[in-house]
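As structure tokens, the structure follows; a few thoughts come after it.
The values are calculated or read from the model by the stated rules, or taken from the named source; none is laboratory data. The model shown is predicted, which means the values in this text are computed figures rather than measured ones. Note that each Cβ is placed from the backbone with ideal geometry, even for glycine, and that neighbours are counted across all protein chains shown. The accessibility values were calculated without ligands, DNA or RNA, using every heavy atom of the protein model including side chains. Shrake-Rupley method; radii C 1.70, N 1.55, O 1.52, S 1.80 Å.
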Amino acid sequence: MARGHLGAAVRAVAVAAGLAALCGLAAKAQAPVKKTYVLKAARLFDGKSNALVKPGIVVVSDGKIVAAGSSASVPAGAEVIDLRDATLLPGFIDAHTHLTMMYREDYTRAALEGLQKPIPQMAIETTQNANVTLMAGFTTVRDVGSGHYLDVGLRNAIDSGVVPGPRMLVSVHAIGATGGHCDENGFREGAIGQETGPEVGVVNGADQARQAVRLAHKYGATVIKTCATGGVLSMVDAVDAPQLTQAELDALVSEAHNLALKAAAHAHGAEGAKRAIRAGIDSIEHGSFLDDEALDMMKQRGTYLVPTLLAPQGLLEQMAKRANIPPAIREKAERAMKAAPDTFKRALAKGVRIGLGTDAAVYPHGRNAEEFHLMVDLGMKPIDALKAGTSADADLLGMSDKIGTLEPGKFADVVAVPGDPLENIRQTEHVFFVMKDGVIYRNDHQ
């Protein structure tokens with residue numbers, strides 16, 4: 001998705017005001033004191049095994065997992081929570097979200113609201129998206145495109161306990177070419193202010209690509225997102241056309257890795273994706289039109305595919321409702337929706353690494369877990385779909401030492417779903433227990 005821009009000074013002042021407003025909620029949202037719990041259920045998925053453990057027990061103390069399995073002992077004084085006929089799993093991870101963007105079915109209205117709404121109001125509204133995402137069982141997300149530093153502000157508010165939400169990796173803004181998917185396009189010259197540049201992630205040339213990465217990192221980015229091709233939800237760019245040169249992508253990825261940051265490339269088209277893969281990108285997002293050469297390159301280099309199958313599903317639902325979608329965007333959406341399932345199946349057959357990401361905001365926030373069944377519907381084994389949304393995503397995010405599995409020493413991110421998700425993967429859409437960092441945010445089984 002494309003993102004907005006505003007003068008840096010105005011952004012800083014406005015977001016500060018928004019966060020000040022949020023501070024009034026701190027008393028209600030502040031996390032309770034962490035303590036020792038023993039979570040019990042009929043079964044457990046540890047995030048990496050090929051089978052479930054029966055029964056499932058997870059012991060949590062001071063925000064960390066201290067034991068997990070079927071024979072873990074119960075410490076004296078621990079609070080025991082018996083969830084009965086359920087499955088315990090690692091907190092889900094979504095590698096492609098836009099928590100600071102609001103879902104809208106009217107394209108024109110969404111564009112107008114982006115110009116009319118005060119940024120403090122935007123900041124407050126993002127907290128709703130964070131909350132419903134956490135309640136759906138997603139305890140960690142990678143947010144890959146924002147504006148006005150809203151993602152940084154939301155992350156900081158969550159980390160400081162001001163509002164509930166998932167752990168966030170943030171990009172500040174996506175980085176792309178002038179007039180491309182990661183730039184504001186479709187407006188007359190001057191309509192939205194001065195021409196965009198590296199300070200808002202719009203680059204021309206390798207030196208500007210490096211500068212944009214450094215600026216994003218300077219102001220809080222913990223992941224770098226780039227647009228290697230055109231996109232669906234932007235007005236003037238072809239969906240599959242490459243938008244950055246090889247030299248620009250080489251510089252961007254090199255600089256990201258120099259800063260110990262992972263880099264993700266929005267890429268629908270094969271040529272732009274291959275340029276990103278050659279540059280050493282860590283993941284290809286969407287990948288609708290990837291050819292066999294691109295998929296073979298990804299397999300060889302260990303590049304992840306994050307297929308975001310919920311994005312075309314969301315667009316399909318909008319079209320069924322006759323939502324206000326401009327003809328140019330509708331045509332691109334139809335092309336991408338037609339190609340994406342076949343690409344996913346070929347990637348799966350070739351053994352390409354696949355992570356779970358949804359493009360949240362193209363569909364209503366909180367439905368993230370539907371991505372599991374969409375992958376299974378296209379041939380992925382249920383156990384592998386669960387891994388995609390836990391241990392595989394943790395590896396992609398560079399956080400496998402902290403999250404993604406139920407093992408001693410990991411953050412106590414635990415969710416529970418009714419029944420057995422291997423028998424019905426859509427049980428992942430019915431999360432009723434959510435723990436993050438050892439704090440219980442949801443327990444409908446009380």
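The table that follows gives values for the structure above.
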item	result
Top positive-direction residue, dipole computed over the chain with Cβ charges, set 229, 76, 66	76
Cα-based Rg / Dmax (Å) for the range 331-446	15.5, 49
The chain: angle of helix 150-159 to the longest principal axis, Cα-based, in degrees nearest 10	20 degrees
Accessible heavy-atom area order of 150, 259, highest first, probe of 1.4 Å	259, 150
Loop GluC sites (Glu not before Pro), the range 84-191, which have at most 11 other Cβ atoms in a 10 Å radius of their Cβ (DSSP)	189
Set 299/345; 274/332; 48/410 screened for pairs whose C-alpha atoms are more than 18 Å apart	274/332
Size-normalised alpha-carbon gyration radius of the range 29-148, reference 2.2 N^0.38 Å	1.44
Within a Gaussian network of the chain (alpha carbon springs, distance under 10 Å), most fluctuating of 390, 139, 108	108
For the chain, projected area of the alpha-carbon convex hull averaged over all directions, nm²	19.6 nm²
Rg to Rh quotient for the range 305-349, alpha carbon positions, Kirkwood Rh	1.03
Cβ-placed point charges (K, R +1; D, E -1), dipole of the chain about Cα centre in debye, nearest 20	640 debye
Added length on full extension, which subtracts the Cα-Cα distance from 0.36 nm per residue, residue 346 to residue 125	75.7 nm
Expected 222 nm ellipticity per residue - DSSP helices of 4 or more, -39500 (n - 2.57), all of the chain, to 500	-10500 deg cm²/dmol
Translational D in µm²/s for the range 97-197 (Stokes-Einstein at 37 °C, 0.692 mPa s, Kirkwood Rh from C-alpha pairs)	225 µm²/s
Inter-part distance where the range 50-101 and the range 276-314 are each reduced to a Cα centre, Å	31 Å
Probe 1.4 Å - accessible area at residue 292, Å² to nearest ten	70 Å²
Bridge type composition, the chain - antiparallel percent by DSSP, nearest 5	45 percent
Distance from the range 419-446 to the range 373-413 (C-alpha centre basis), Å	15 Å
Between 0 and 90°, nearest 10: helix 310-320 axis offset from the chain longest Cα axis	70 degrees
Relative contact order, percent, the chain [alpha-carbon distance under 8 Å, six or more residues apart]	20 percent
Principal axis box of the range 194-254, alpha-carbon based, largest edge first, Å	31, 25, 23
Cross-link pairs beyond the 20 Å C-alpha cut-off, checked among 64/218; 350/387; 35/387; 218/262	64/218; 35/387
Of all accessible heavy-atom area on the range 136-231, the percent that carbon and sulfur account for (1.4 Å)	47 percent
Charge sum, other residues only, whose C-beta stays under 10 Å from residue 56's C-beta, Lys/Arg counted +1 and Asp/Glu -1	+2
GNM result for the chain, Cα springs below 10 Å: residue of 117, 350, 64 fluctuating most strongly	117
Pairwise FRET efficiency - residue 112 versus residue 322, Cβ, R0 = 22 Å, nearest 0.05	0.70
